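Every read-out reported here was derived from the displayed coordinates using simple, explicitly stated rules and does not represent laboratory data. It should be emphasised that the depicted structure is a prediction, and the values quoted were computed from it without experimental measurement. Every residue, glycine as well, gets a Cβ built from its backbone with ideal geometry; the counts of neighbours run over all protein chains shown.
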Amino acid sequence: MRVLITGDHAGMTVRNEVKNLLEEMGIEHEDAGCSCETSVDYPDYALPAAKRIASGEFDRGIFICGTGIGMSIAANKVKGIRCALTHDVYSAKLTRQHNDSNVLAMGERVVGPGLAREVAKVWLETEFDGGRHANRIGKITSYEDQ
Ligand code: RB5
């Protein structure tokens, strides 16, 4: 699995923690997020990163900003992206099993690095259930093609 991480100035601590986790798990990854603490605009990071995942260059993405909300709104504008804004382990598991989410968004002003790591770990380890859930995702994909 290849994972693209990105984030703005408000998510650097959690982004670094997620990077540590990916290194520990031996998952190939790239950090395309901002590298400074000055204020940047989250769509400038979310949109190009989402496009690189939608194109197949990466399998999944983990996007971090202050709340995770801006990142998730922007990412979900890109065709083929199913971004889940998730700050708990239960939702992280279910959004993989039921929604086959390919991007996880989290907010550093909402969740600390310890919980963010657990959420990301479960999200990375959980497989899609398929079956009836695949039919439902197919309806979203069909809508994108209209
Ligand atoms: C930046 O201040 C903040 O607005 C951004 O990180 C994010 O939370 C937006 O949704």
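Size descriptors for the stretch 20-69: radius of gyration and Dmax over Cα atoms are 11.9, 31 Å.
Calculated FRET efficiency, Lys139 to Glu23, Cβ-Cβ distance, R0 = 35 Å: about 0.40 to the nearest 0.05.
If you place +1 on the Cβ of every Lys and Arg, -1 on the Cβ of every Asp and Glu, and leave all else neutral, what size is the dipole of the chain about its Cα centre, to the nearest 20 Debye?
On the way: 17 positive and 21 negative charges, 108 e Å.
Roughly 520 debye for the chain.
Relative contact order of the chain, taken over Cα pairs closer than 8 Å and 6 or more residues apart, is 25 percent. For the stretch 6-30 and the stretch 80-146, what is the separation of their C-alpha centers, rounded to whole Å? A separation of 17 Å, based on Cα centres.
Here's the picture: charge each Lys and Arg Cβ at +1 and each Asp and Glu Cβ at -1 in the chain, and of Met1, Asn16, Gly130 the one pushed furthest to the positive end of that dipole is Gly130.
Would you calculate the convex hull of the Cα atoms in the stretch 1-42 and tell me its volume per residue in Å³? Working shown, then result.
On the way: hull volume 2.4 nm³, N = 42.
Hull volume over Cα atoms, normalised by residue count, gives 56 Å³.
Taking the chain as the reference, fit the longest principal axis to its C-alpha atoms, fit the long axis of helix 113-125 to the helix C-alpha atoms, and give the angle between the two in degrees, 0 to 90, nearest 10. Computed tilt is about 30 degrees. Computed over the stretch 67-146, the P(r) curve from all C-alpha pair distances, binned at 10 Å from the origin, holds 20, 47, 28, 6, 0 percent per bin.
When Rg and the Kirkwood radius Rh are both evaluated on Cα atoms of the stretch 1-111, their ratio Rg/Rh stands at 0.92. When each of the peptides 129-140, 15-26 is scored by how many other beta carbons lie within 10 Å of its residues on average, the order from highest to lowest is 15-26, 129-140.
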